[in-house]
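Everything on this sheet refers to the single structure shown next.
The values are calculated or read from the model by the stated rules, or taken from the named source; none is laboratory data. Everything numeric here is computed off the predicted structure, so don't read it as measured data. A quick note on method: Cβ atoms are made from the backbone with ideal geometry, for glycine too, and the neighbour counts reach across all protein chains shown.
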């Protein structure tokens, strides 16, 4: 099929701009054909652009013959341009329709489409992800990422106002950041390197220079778990602050969550309505529960966890029912936390580490960091890691490393909390896990 050139045509309005107040005005709109309805003498097109939908109404006895011919050749997902006059129409999206005088077809779509772009017929998630760009045509899916955009704007604004500076750390590293084996090796010329698990070591070093830093970026973990909340590639929002403790950065985190929820609620009303989700803006300070208190709660519910062990998912699900809100878990056993989390001075078996929970899902982990080089070397050895592999990081501790603290927040999990979406793959544009490397 021969397509048209855009030529001198330029958009004058988005779908969201077309309302009854434009009655009688000529507009030019661009977008994709979402739906076609033929009632004999009238043909309706629903045109979708990035802001929503607008109805195009073609009267067969009045329309230009060229418009009629093109309209009859249209299929779903064709990209088109319409130049026409706005008319009030109460039943149309936005209360108005466009009567076209001219139509241009810019791109055709092979039929049948692998997905129903209206969303009326739902497909399995793997089918949707295989045709992800079509899946993202659904307004509900676009709403998810508009919420994410608003959340990122709010987070950046909040942290900047708090005196944090945005930084960018390497993604190709020579040794593990977090320890363990969840690393992706890469060929780096004639050496072996790894994809970064987090910005932890670099952000700790940078507080020597800038005191308060944050980073938003992708990181990688060879995650064996295949659940609705785990991915191999993820976006993390991290901060690190000099001359601070776990309690100081917990306050930053809860205020950030409060501000993000408030801004998204205020700026994403249409999106939340599409998602049928209401955000409860949390009050600060968030509730805090110690590891011991949680174990006692679980014991009362007939779930026994030996002290020092991590809390398994079924137990977290129960905690989510008991505490259906944002809350902190503090005073974790030192052996359950990363090597850089500081043990408490009064009881080294307990750390100054914390997790931020939303119901049963861990959103963030952080704590006071070890700033003593000797203690850090000891902790590395205790966790079976070679201090020699961390010599460049340890070197920074010879330059007056101050007390410091920080945290990392998983963006996708936060977006799940903000949208009510239950599968993390739905809140990532092109998710990567142990089974999915495409598209």
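Some observations on this one:
- Verdict on residue 120 being outside the structural domain of residue 46 (by TED's automatic domain parsing) and touching a helix residue (DSSP H, G or I) at 6+ places or on another chain (Cβ under 6 Å): no
- Just one residue in the set 264, 260, 249, 186 is surrounded by 14 or more Cβ atoms within 10 Å (Cβ to Cβ), modelled with pLDDT of 95 or more and more than 30 Å from residue 314 (Cβ to Cβ); that residue is 264.
- With respect to (1) closer than 23 Å to residue 409 by Cα; (2) out of contact with any helix residue (DSSP H, G or I) (no Cβ under 7 Å at 6 or more places or on another chain); (3) part of a helix (DSSP H, G or I), the lone exception for residue 309 is condition (3).
- Any chance residue 207 is over 30 Å from residue 61 (Cα atoms), in the same structural domain as residue 388 (by TED's automatic domain parsing) and in contact with a strand residue (DSSP E or B) (Cβ under 8 Å, 6 or more places away or on another chain): yes
- Filtering segment 19-48 to residues that are touching a helix residue (DSSP H, G or I) at 6+ places or on another chain (Cβ under 7 Å) and surrounded by fewer than 19 Cβ atoms within 10 Å (Cβ to Cβ) leaves 19, 20.
- Scoring residue 353 on the criteria (1) surrounded by 15 or more Cβ atoms within 10 Å (Cβ to Cβ); (2) in contact (Cβ under 8 Å) with a residue 40 or more places away in the chain; (3) more than 20 Å from residue 404 (Cα to Cα) leaves a single failure, condition (3).
- Selection of segment 56-77 for residues being assigned to a strand (DSSP E or B) and under 21 Å from residue 6 (Cα atoms) yields only 56.
- Set 314, 333: member being under 32 Å from the mean Cα position of the chain (by Cα) and within 24 Å of residue 250 (Cβ to Cβ): 333
- Filter result (within 14 Å of residue 93 (Cα to Cα) and surrounded by fewer than 14 Cβ atoms within 10 Å (Cβ to Cβ)) within segment 4-18: none
- The residue that is farthest from residue 392 (Cα to Cα), among those in segment 200-226 that are outside any strand (DSSP E or B) and touching a helix residue (DSSP H, G or I) at 6+ places or on another chain (Cβ under 8 Å), is 208.
- Residues within segment 96-115 that are surrounded by 15 or more Cβ atoms within 10 Å (Cβ to Cβ) and under 23 Å from residue 274 (Cβ atoms), tallied: 4
For every residue, the table says whether it meets (1) part of a loop (DSSP other than H, G, I, E, B); (2) assigned by TED's automatic domain parsing to the domain that holds residue 247; (3) more than 27 Å from the chain's Cα centre (by Cα).
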site: 324; (1), (2), (3): yes, yes, no
site: 346; (1), (2), (3): yes, yes, yes
site: 356; (1), (2), (3): no, yes, no
site: 367; (1), (2), (3): no, yes, no
site: 385; (1), (2), (3): yes, yes, yes
site: 389; (1), (2), (3): no, yes, yes
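- Verdict on residue 331 being in contact with a helix residue (DSSP H, G or I) (Cβ under 6 Å, 6 or more places away or on another chain) and assigned by TED's automatic domain parsing to the domain that holds residue 401: yes
- All conditions but one from (1) more than 33 Å from the chain's Cα centre (by Cα); (2) surrounded by 15 or more Cβ atoms within 10 Å (Cβ to Cβ) apply to residue 130; the one that does not is (1).
- Among all positions in segment 275-285, there is at least one residue which is closer than 24 Å to residue 255 by Cβ, outside any helix (DSSP H, G or I) and in contact (Cβ under 8 Å) with a residue 60 or more places away in the chain.
- Residue match in segment 246-267 (condition: at negative phi, in contact (Cβ under 8 Å) with a residue 12 or more places away in the chain and not in a helix (DSSP H, G or I)): no
- Members of segment 78-101 that are more than 20 Å from residue 10 (Cα to Cα), touching a strand residue (DSSP E or B) at 6+ places or on another chain (Cβ under 8 Å) and not in a helix (DSSP H, G or I): 87, 88, 89, 92, 96
Residue by residue, here is whether (1) surrounded by 15 or more Cβ atoms within 10 Å (Cβ to Cβ); (2) within 30 Å of residue 388 (Cβ to Cβ) holds:
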position	(1), (2)
134	yes, no
139	yes, no
151	yes, no
156	yes, no
192	no, yes
199	yes, yes
202	yes, yes
219	yes, yes
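- In the set (1) at pLDDT below 95; (2) more than 30 Å from residue 37 (Cβ to Cβ), residue 158 fails one condition alone, (1).
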